[in-house]
1. I need every pair where a residue in the stretch 15-42 that is within 19 Å of A67 (Cβ to Cβ) has its Cβ under 9 Å from the Cβ of a residue that is hydroxyl-bearing (S, T, Y), sequence separation at least 6 or different chains.
2. What is the residue count in the stretch 30-87 for residues that are of a type in the set (S, T, Y) and either closer than 17 Å to P100 by Cα or assigned to a helix (DSSP H, G or I) (or both)?
3. Given the criterion charged (D, E, K, R), without any contact (Cβ under 8 Å) to a residue 40 or more places away in the chain and open to solvent by less than 50 Å² (accessible area, probe 1.4 Å), identify the matching residue among D76, D63.
4. So which residues in the stretch 63-81 are in contact with a Phe, Trp or Tyr (Cβ under 8 Å, 6 or more places away or on another chain) and closer than 17 Å to N33 by Cβ?
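The values are calculated or read from the model by the stated rules, or taken from the named source; none is laboratory data. Since this is a predicted model, take the numbers as computed values, not measurements. Here the Cβ positions follow ideal geometry from the backbone for every residue, glycine too, while neighbour counts run over all protein chains shown. Heads up: the accessible areas ignore ligands, DNA and RNA and are worked out on the full protein's heavy atoms, side chains in. Shrake-Rupley method; radii C 1.70, N 1.55, O 1.52, S 1.80 Å.
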Amino acid sequence: MNADPALLHGRLLQQPGDFEPLLQRVRRLQALNSLLQRWTSEPWLTAIRVANLRGETLVVYADNAAALTALRYRRDSLLGWLQQQGVPVLKLDLRVRPRPQEAGV
C-alpha cells in the first residue's frame, strides 16, 4: 500500500502534535546514523545503518555478512566511541538485513 505523500504532508501540517513523538524518534535515528558514519573510514561502514534504539541497546543492520563480521570485531571500539560521544549505549544488537531494492531497479 502506497501512501500519498501530499496527504501525509497535509496531515502533518494540520496536526503536527500527533506526530511529534514519531518525528523526534526519526530525527534521533538519523542523528545516530550520521554519528555512526563518522566513527571510522572503513569502506564496509557504508553497508551499516542504525535501525533502532531500545533503551541502552542500539540495533544496527548490515547489508551483508561481511560488513556485520567486521563490525562484530570492532564492537567494543564502537561502544566506547559512542559513549564518548554522549550516547548512552551499552549493548549492540547486530543483524544482517539487506536494504530494500529501489523502485525501478
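1. Partner pairs satisfying both residue conditions: Q37/T46; W39/S77; T40/S77.
2. The qualifying residues number 6.
3. Exactly one residue qualifies, and that residue is D63.
4. Scanning the stretch 63-81 gives A67, L71, L78, W81.
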